[in-house]
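Report on the following structure.
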Amino acid sequence: MQSLQCFRIVTFMALSDVRARYKRSVLGPLWLTLGTAGGSAGLGFIWSELLHIEAATFVPTLTAGLILWQFIAGIISESTVLFNRQASIIRNLNLPLAIHPMQLLLRHLINFAHNAPVFFIVAILLGLPMNTNAWLALPGLFLVALNLLWLALLIGLLGARFRDLEYLIATIMPLLMFISPVFYRPNYLPFSEQIMWFNPFSHFIEIVRSPLLGNPPPVFVVETNLLMLACGTLVTLCLFNSKRNRIAFWV
Amino acid sequence: MAVLKFDNVTVQYPVYNSRSMSLRNQLVRISTGGRIEGEAGHIQIVTALNQVSFELHDGDAVGLMGHNGAGKSTLLRTMAGVYHPVSGTVTRHGKVATVLELGAGMDPELSGYENIIRMGVLMGLSIPEIRGKTAEIEEFTQLGDFLQLPVRTYSSGMATRLMFAVATSTQPDILLVDEIFGTGDAEFQVKAKERMESLIKSVGIFVFASHNNALIRQYCNRFFRLEHGQLVEIEPVDIEAK
């Protein structure tokens, strides 16, 4: 009964946000799609010329990278104010706190679904050879989503207690973007590739993107994702269980 | 059957100043070996409820009195399960609905109708269920066409009407209402009284915090006074003697 109610609340809150956006403008969240399409077209062609790389392989790489980055960065930046923003619910209704990271994830998954077609259109237009490996992107995305769930809970918890975390995260996200393979493939970097793999977001991007570009994800990327999921979930749940009763006082 | 039982409940909460809410300052504190601790991390612990015990059953309508900061809102939130005690136990059977804070659970950008659905879902109803109650809520609030406007345009009295209507229409076993209820006008108070009386009669516990002794006398049959986190039950004759 309670889990049914939670499911209802999570889907309602995520969908009402999307619905509100559809209502306010004719194109609704498709503005997102258009923005992504414009951004990747512009950046893709200029950069492929600047870097002397063939557009047919570079533009789909960049498009997939940008779409995934929007998804990851959207969740991470918003999770700093996750509980604070829902203070009026937390302080007045006795609901499980886990509904908040879940609705955040679901809302961004819906946005992601609006953006994903851009990649496929770009891939078809530029004749990117796709093969059956592409299906591996789905379990990859599932793993990334679970990883983002614990990250959202953890960052939300810390963000509720430390209000300046919001600004800290906003500062380091662009930095992390440059040391993750959004704009390039890992193998484009002869020297800094090792540094890039220290960024967890690089693993999130690669596990979804490399199947889309025709190759199964490297084994160590899958292993890192699984390891992060296990350790991250464990640590977050321990911290969450010891502090969950304090959150209502913090927000 | 609704039961609400507090057994030696103590609620404490930390009050942070802006410095201790800063991660940067916490890190500086670690790196300087805690020498500037007094300045960087001053956290005060407030004991809002101190060893509170009582038992409420079906048909109890409790009036909660006390000065500002006596712990009324904290007690209501602890009853609702929002705040958790540091010691003691809270036993709660029955569905809880709250009218504690103006605009709680409402999205100011959404219209009145959309907020009815939103709050209904948050309070545990399904969307068809809450749609079925919309007509009744509409009638009770008498907000008419205002229900089509965003809630941010509402006066506090209008928002209170809406919140109270949704909260009571969920048929709670336990209804917790804070002072904001007083922002409704006389006409609303009369309608609200009818609703609450039927609620108390059906089954249920009603707790109402207010500074308005006349209102409390009207609605309640038991009276609690909070002083510095201590709770005493008083007789109706003692209400005026503040």
- [ ] Quick one: in the range B:13-24, of everything that is within 9 Å of chain A (Cβ to nearest Cβ) and open to solvent by 20 Å² or more (accessible area, probe 1.4 Å), which residue is modelled with the lowest pLDDT?
- [x] B:18
- [ ] Return the total of residues in the range B:67-101 being part of a loop (DSSP other than H, G, I, E, B) and either crowded, with 20+ Cβ neighbours inside 10 Å or within 11 Å of chain A (Cβ to nearest Cβ) (or both).
- [x] 11
Task: Filter result for the condition that a residue is modelled with pLDDT of 90 or more and under 27 Å from residue A:83 (Cβ atoms), over A:158, A:138 - done: A:158
Open item on the list: Report every pair of residues separated by at least 6 positions or lying on different chains whose Cβ atoms are under 9 Å apart, first residue within the range A:71-100 and free of Cβ contacts under 8 Å to residues at least 60 places away in the same chain and at the interface with chain B (Cβ under 9 Å from one of its Cβ atoms), second outside any loop (DSSP other than H, G, I, E, B) and among the polar types (S, T, N, Q).
Closed with: A:92/B:98; A:93/B:98; A:94/B:98
Task: Checking residue A:170 against (1) buried (at least 16 other Cβ atoms within 10 Å of the Cβ); (2) modelled with pLDDT of 80 or more, the condition it does not meet - done: (1)
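One line per residue, one yes/no per condition, for (1) under 30 Å from residue B:108 (Cβ atoms); (2) within 14 Å of chain B (Cβ to nearest Cβ):
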| residue | (1), (2) |
| --- | --- |
| A:6 | yes, yes |
| A:13 | yes, yes |
| A:19 | yes, yes |
| A:28 | yes, no |
| A:40 | no, no |
| A:50 | no, no |
| A:57 | no, no |
| A:67 | no, no |
TODO: Look through the range A:134-165, keep the residues that are without any contact (Cβ under 8 Å) to a residue 40 or more places away in the chain and away from chain B (no Cβ under 14 Å), and return whichever of them is farthest from residue A:245 (Cα to Cα).
DONE: A:138
Task: Total residues in the range B:202-215, condition within 25 Å of residue B:3 (Cβ to Cβ) and not in a helix (DSSP H, G or I) - done: 8
TODO: Please work out which one of (1) touching a residue at least 24 places away in the same chain (Cβ under 8 Å); (2) assigned to a helix (DSSP H, G or I); (3) open to solvent by less than 80 Å² (accessible area, probe 1.4 Å) is the condition residue B:218 fails and give its number.
DONE: (3)
TODO: Only residues that are among the β-branched types (Val, Ile, Thr), crowded, with 16+ Cβ neighbours inside 10 Å and assigned to a helix (DSSP H, G or I): list them for the range A:6-56, please.
DONE: A:9, A:10, A:18, A:33, A:36
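The values are calculated or read from the model by the stated rules, or taken from the named source; none is laboratory data. These numbers were taken from a predicted model, which means no experiment stands behind them. Neighbour counts run over all protein chains shown; Cβ positions are idealised from the backbone, glycine included. Protein only, heavy atoms only, side chains kept; ligands, DNA and RNA dropped before computing areas. Shrake-Rupley method; radii C 1.70, N 1.55, O 1.52, S 1.80 Å.
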